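Enquirer: Pasting a structure here, questions to come.
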Amino acid sequence: MIRIRTQMLLVAALLSFGAFAQGVEKELDTPYVPTPQAVVDRMLELAQVKPGETVVDLGSGDGRIMIDAASKFGAHGFGVEIDPRLVQRSIEAAQRAGVSDRVKFLQQDLFQTDFHEANVLTLYLLPDVNLALRPKILKELKPGSRVVSHDFGMGDWRPDAQETVPAPDKTVGARKESQVYLWTVPAHVEGDWSFELLSGGKARRTRLVLKQKFQIVSGSVELTGKGDVPLSGGRLRGDEIHLTLPPGAVDHGPVEMVGRATGDALAGTLRKGGRELATWSATRKR
């Protein structure tokens, strides 16, 4: 739920509490914009919400995203909203929908919210709020968690998927359509790694260096007789890592380097044309 807010009235030190309360009430009286139903549906579909997963909606408004996540997808979780009247409306709507045992609504600051258990995080916030939340999202959410946003992106953290959704009931803007963005939280793999390649029963130990910008990965691996060999096409999807070794590094053609990150460990295989050539592992150097 995106909120269109007027600036809070300046409160002088000598104002009475009653006058301040009126200022707060005025701020809460400013209109909010509901997410169109078609967009709600597509956000949850694009995030591939599964039964039993935890969904958290920041800026939950009238609660429609959380209620649909529970009633249509079998998820549970909570919404965070600053307006107490919308929180109460959401609670009542969840009761009517029969999902009040699976969703709750909290009146609190979204920046103070603990959402580390979320499998899916949904947003309809302004661009500067998305950017301010981005470090918290990347730090707190587990690799593989999905983040889906209505209309606004995350700056230079490029989405893994983006769709245009027709929204005939959209109440803002001249175009009756919305953008939906999806990101998968990547594992942290940047660093210097001790690398081991196992092929034909023989192990070769060397060095792997990875650089990372969100889900994009680059780097090099040291191979005997070839020096530092550059890695290309590097990409993370959650804890899954995909890199490509150039032709001549270990075979005549390019070889796919596929693996999974678990904390300070990596492990995977070298593949070409669906055929496994070798296994590899790495441990991050301290």
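Enquirer: Could you name the lysines in cross-link range of residue 104, using Cα to Cα under 17 Å and dropping any fewer than eight places away on the same chain?
Expert: The qualifying lysines are 72.
Enquirer: Output wanted: per-residue J couplings in Hz (rounded whole) for segment 253-261, from phi through Karplus 6.51 cos²θ - 1.76 cosθ + 1.60, θ = phi - 60°, x for Gly and Pro.
Expert: Once rounded to whole Hz, the list reads x, x, 10, 7, 10, 10, x, 9, 9.
Enquirer: Sticking with this one: Could you please state, rounded to a whole Å, how far the C-alpha centre of segment 231-286 is from the C-alpha centre of segment 182-228?
Expert: 7
Enquirer: Can you run phi through the Karplus equation (6.51, -1.76, 1.60; θ = phi - 60°) for segment 48-59 and list ³J(HN,Hα) in whole Hz, with x for Gly and Pro?
Expert: For segment 48-59, the Karplus curve yields 6, 5, 10, x, x, 6, 9, 10, 10, 10, 8, x Hz.
Enquirer: List every residue whose amide H lies under 5 Å from the amide H of residue 104, counting only residues 5 or more places away in sequence or on a different chain, with H placed 1.01 Å from N in the peptide plane.
Expert: Amide H neighbours of residue 104: 77, 78, 79.
Enquirer: Full-extension gain between residue 272 and residue 214, please, as 0.36 nm times their residue separation minus the C-alpha to C-alpha distance.
Expert: Contour length minus the Cα-Cα distance gives 18.2 nm.
Enquirer: Contact order normalised by length for segment 232-286, with contacts defined as Cα pairs under 8 Å and 6 or more residues apart; what percent is it?
Expert: That works out to 22 percent.
Enquirer: Still on this model: If you take the charge dipole of the chain about its Cα centre, with +1 on Lys and Arg Cβ and -1 on Asp and Glu Cβ, which of 67, 86, 118 is farthest toward its positive end?
Expert: 118
Enquirer: Same structure, new question: Can you list the residues, at least 5 places off or on another chain, whose amide H is less than 5 Å from the amide H of residue 161, using H built in the peptide plane?
Expert: Amide H to amide H, under 5 Å and 5 or more residues apart or across chains, residue 161 pairs with 182.
Enquirer: Turning to a different aspect of this structure: Just need the relative contact order of the chain here, percent rounded to a whole number, with Cα pairs under 8 Å and 6+ apart.
Expert: About 12 percent, as a whole number.
Enquirer: Taking the Cα centre of the chain as origin and charging only Cβ (+1 Lys, Arg; -1 Asp, Glu), how large is the dipole, in debye to the nearest 20?
Expert: Dipole magnitude for the chain comes out near 900 debye.
Enquirer: Lys pairs in segment 110-263, Cα-Cα under 19 Å, at least 8 apart or on separate chains: how many?
Expert: Going through segment 110-263 pair by pair, I get 5.
Enquirer: Amide H to amide H, which residues 5 or more places from residue 279 or on other chains are under 5 Å from it, using H placed in the peptide plane?
Expert: Amide H neighbours of residue 279, under 5 Å, 5+ apart: 198, 270.
None of the figures in this text is laboratory data; all of them are computed from the coordinates on show. Note that the structure is predicted; figures quoted are calculated from it, not measured. Here Cβ is always computed from backbone atoms with ideal geometry, including for glycine, and neighbour counts include all displayed protein chains.
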